[in-house]
Structures are given as C-alpha cells and as structure tokens.
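Remarks on the structure that follows.
The values are calculated or read from the model by the stated rules, or taken from the named source; none is laboratory data. Predicted, not measured: the structure shown is a model, and the values here were computed from it. Cβ placement follows ideal geometry from the backbone for every residue including glycine, while neighbour counts extend to all protein chains displayed.
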Amino acid sequence: MGSHIKSILGSLAFSYLFYTKSFGLNTVLLSIVVLVFLFICRKRRPIPWLYSIPYLFTAIMVFMNPTDFKICLHFMAFFVLIGKYIAPSNSLYLSWFIGVVNMIIASLVKLNNRIHQPKSTRKGLSKKRKDYIKGSIISFLLLILFALLYQKANPIFEGLIQQIDFNFISIPWLVFTLLGYILFLHILNPYSPQELLDLDLQQANELKHPEEPFTIPVLEKLKSEQTLGSIVLSSLNLLLILFLVTDIIYLWQADPISNSGYSKSVHQGVYALMFSIVCAILIILFLFRGHLNFYKGNKRLKKLTYLWIGLNVVLVSFTWYKNFQYIDALGFTYKRIGVFVYLLLTLSGLITVYIKVARLRGFIYLVRTNIAVVFGLLLLSASIPWDRAITWYNLKHIAHPDIPYLLDLGDTNSPQLYHYVQTPPRENTFHKDTIKEIEKRYSQFRSDQKARTWQEYTAFHIQNLREK
C-alpha cells in the first residue's frame, strides 16, 4: 500500500502544478518531485544520476523558454531516465524504449502477472484489511441509498440533502489526477522486460575473432570479396575526387549574393551528400560484416575505405563552407541550421565507421554510439533560444532581413522586432501594415505573459514583466 499512497501524493502534486496550466516553472518543480520519489523509493535500484542531469537540465530549459522542441526533448530525457532506472547497464536507445513502454503498460503487465500467479505465492492484503475496505465501500453505497429514501419521508431532511452541492467535483480534474496517479505508480513500480534487457547485454561492441584458422574455401571467398570491394571503392574514390575538384572550381567562381542557384546548390548538395554517405556506410558495413575483418590480405581494402571516409569528410567541409556563405549573405533560418546539424551527424557517422573498421567494432557499436551523439546534440541545442538567436543575428548582420520569416517564428522574438522597427530612422523604412502587425503581435505577447499563473512562470516571462 505504500506505493499507492505515494502515487496519490504524486498525482496531487502533478494535478496542482499542471491542471489547465501550460509549461513553465511547474516543469522544474515536477522534475524535482520525480527525482525525490526515485531516491526515496529506489528499492535496491541505483539512481541514474548521470541521466538525472539531462532530465533536470531540459526542465530548466523549458522554464527558460518553453518551445515544442524543448518540451518533447524533456519527455525524451524523462523516458531515458526511467529506462536507466530500470536497467542502468543497457543501451541508450533501449532505455528510451523501455521508459516509453513502462509508462504505458506497466500496470497492465503487473496485473496480468498477478492474475496468472499461483494463489499460494500471491502476496495480498490481510483478511482484516480486506474486511475494512469491503465494509467501507458497502457502507458508502448504503448511505447514499438510504439518504435517497429518507429524503422522501421527511421534508426537512430532503432540504438538507438538496443543500449539498457536488459541483466542486470536476470530472476532467479527476481524470487528470488519475493520469498522474498512474504515472507515479509506473515510476515507483516499473516493469522490467528482462528478456529484452538480457538480449541487449549479450550484444558486444567488439567483433569476436574466429577461433579456428580459415579453411581454403573460406580464404578463396574472402580474397574474392576483397578484390570486388577494392574495385568498387577505387571507382567511387575516383568519382568523388572528380566531384570535389569541380566543387572547388564552383566555390571559387560562385557569388552567393548574385547567384540565384546557390541556395538550390546548398540544399541539393546536402541531400546528395546524405544519400552518398548512407550508401558508403552500407557498402562498408557489407564488406566488413564478418571474417573479412580478420583476413590478413585486407590491407588494400582498408586503405581504400579510409580514403573514401577521408574524401567524404572533405565533402562535408565543402558543404559546411557553402552553407556558411549562404547564411553570411541571407541570414539564419531553421532550415540552414538544420544543414549544420545534418553535417555534424554525418561527420559523427563517418568517424564511427572509421573506428568500426580500424578497431574491429560491430554494427551495434555504430547504433549505440551515434544514438548517444544524437541525444547529446539535442541536449546541446536545447540550451540555445533559437527564435531569439535567429532574430538577433538577422537584424544585426543582414542589411535587409526577411521580416515576414521572423514574424513566423515563435512569439518570444516580439520584443526584438518591436524595438527594431521603433528605432529611428528605421521606422520609416517599413510598410505601415508591417509595423502594425509587429505592434499587435508585441501587445498580444505582453498580455499573454501577464495572464500566466505562477505555475506557468518562465525566466523570459519574469524578465519581460520588469519592462515598462
């Protein structure tokens, strides 16, 4: 019963902080409550403090500036934390999956296990406690029944009953609080899919060297694969070298301000780059999928693989430079920031593929490492207020910023746009409709901030309330 009482307390805190409220200070407070509950009710489970930090960090970032991206990332960090709490030694991707599954079906699985458990081994309530519960339920139902009967026989008693107002009971609030109860119950009594956890632990990052020497047929097959792979990678390397030479010529001649095809070149180049990198990784994984990793005659193939990876790193650098030139001329947008993110992830993929070939790592190593890189990059990006950063850069460094695009961003850049168009002599360079739209947007933003309750306070909200 202890976990049920704690779950009820947690659900009340959850309801008080979030019912009919938006995200803000309540996110940080509930995160602290969850961590306290995990610490108090750990039951021989170590607290994954390393993953508590991202969970609390994302909550603080939501408090700083609640955007859909940061809220989703906070939920992701929560699921990872729960997964690591259940199984600290498992992979990051599996921890996230276990966290999601646990929040959805933990009660159903435990109930099913309890139903199918032999009666002799079941641990239930004592007979005395069961009698108290049954007696309370029966008494409550009988009280309602006889109160309805008595009110028909006595007008004074009927008036007394009718004065009882049950409008304070809110069905939506009860449902929301029940959701909080289930949430905390799953946190305090998690479900561990042991077979899945054991399967993940059995997957080693390192490849195992074959115990017996290769037979002649196996050696012939490996020699054939090495020859075929060398021909394929040699051809691809030559083609990529030719492409890089032409790209250097294009970069030397192109004018990002006057060349209308520059934008198209950057984005199509990124798509082509991503596709070529994926193809290269698949080819490398196919060639080095098994015994060829331990074949002594694979040195030429490895050198060609390293050359291919190095050339793709150069290609990433060229695309990075083109995107930088593009931003320098036209300013930041989310799509252009996305190009940098794709390039960073591509670079991570190339580096891990090199490590896989050079240090005899398995495919599971690539999955585990790159998912950890993605998670870390998402946490890093959550620390940046992108709407305001994009607005600041474009207004400060671009001669003719794209105001309609900036108006399509989140409303947190409203003060920046308002002060920008109000600064002399800049107010005379904008159309009157644009200035009115910015002023209306700013006024609405201020009103929305003032209407927030204390649970919804954000750092940005508190900062702007000080402004007159």
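A few points about this structure:
- Taking the criterion of being of a type in the set (D, E, K, R) and in contact (Cβ under 8 Å) with a residue 40 or more places away in the chain, the residues of segment 410-459 that qualify are Arg452, Glu456.
- Qualifying residue in segment 95-110 (condition: in a loop (DSSP other than H, G, I, E, B), within 20 Å of His186 (Cα to Cα), charged (D, E, K, R) and at pLDDT below 65): no
- Reported count of residues in segment 208-241, each being more than 30 Å from Val314 (Cα to Cα) and either in contact (Cβ under 8 Å) with a residue 60 or more places away in the chain or among the basic types (Lys, Arg) (or both), is 9.
So that you can scan it fast, the table gives a plain yes or no per residue for (1) over 17 Å from Leu188 (Cα atoms); (2) among the acidic types (Asp, Glu); (3) outside any helix (DSSP H, G or I):
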{"residue": "Ser11", "(1), (2), (3)": "no, no, no"}
{"residue": "Thr20", "(1), (2), (3)": "yes, no, yes"}
{"residue": "Phe23", "(1), (2), (3)": "yes, no, yes"}
{"residue": "Ile47", "(1), (2), (3)": "no, no, yes"}
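- Segment 62-89, subset of a type in the set (S, T, N, Q) and at pLDDT 85 or above, residue nearest to Ile384 (Cα to Cα): Asn65
Residues are listed down the side, and each one gets a yes or a no for (1) part of a loop (DSSP other than H, G, I, E, B); (2) closer than 16 Å to Glu439 by Cβ; (3) assigned by TED's automatic domain parsing to the domain that holds Val339:
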{"position": "Val374", "(1), (2), (3)": "no, no, yes"}
{"position": "Leu377", "(1), (2), (3)": "no, no, yes"}
{"position": "Leu395", "(1), (2), (3)": "no, no, no"}
{"position": "Pro404", "(1), (2), (3)": "no, yes, no"}
{"position": "Pro415", "(1), (2), (3)": "no, yes, no"}
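- Test: residue in segment 173-195 that is small (Gly, Ala, Ser), within 30 Å of Ser317 (Cα to Cα) and in a helix (DSSP H, G or I): no
- Number of the condition not met by Ile277 [criteria: (1) modelled with pLDDT of 85 or more; (2) β-branched (Val, Ile, Thr); (3) under 30 Å from Ile390 (Cβ atoms)]: (1)
- Pick from segment 157-186, criterion under 40 Å from the mean Cα position of the chain (by Cα), surrounded by 10 or more Cβ atoms within 10 Å (Cβ to Cβ) and aromatic (Phe, Trp, Tyr), ranking: modelled with the lowest pLDDT: Trp173
- The lone exception for His400 - which of (1) crowded, with 18+ Cβ neighbours inside 10 Å; (2) not in a helix (DSSP H, G or I) it fails: (1)
- Segment 432-460 - residue that is exposed (fewer than 12 other Cβ atoms within 10 Å of the Cβ) and in contact with a helix residue (DSSP H, G or I) (Cβ under 8 Å, 6 or more places away or on another chain) and, of those, farthest from Val62 (Cα to Cα): Lys450
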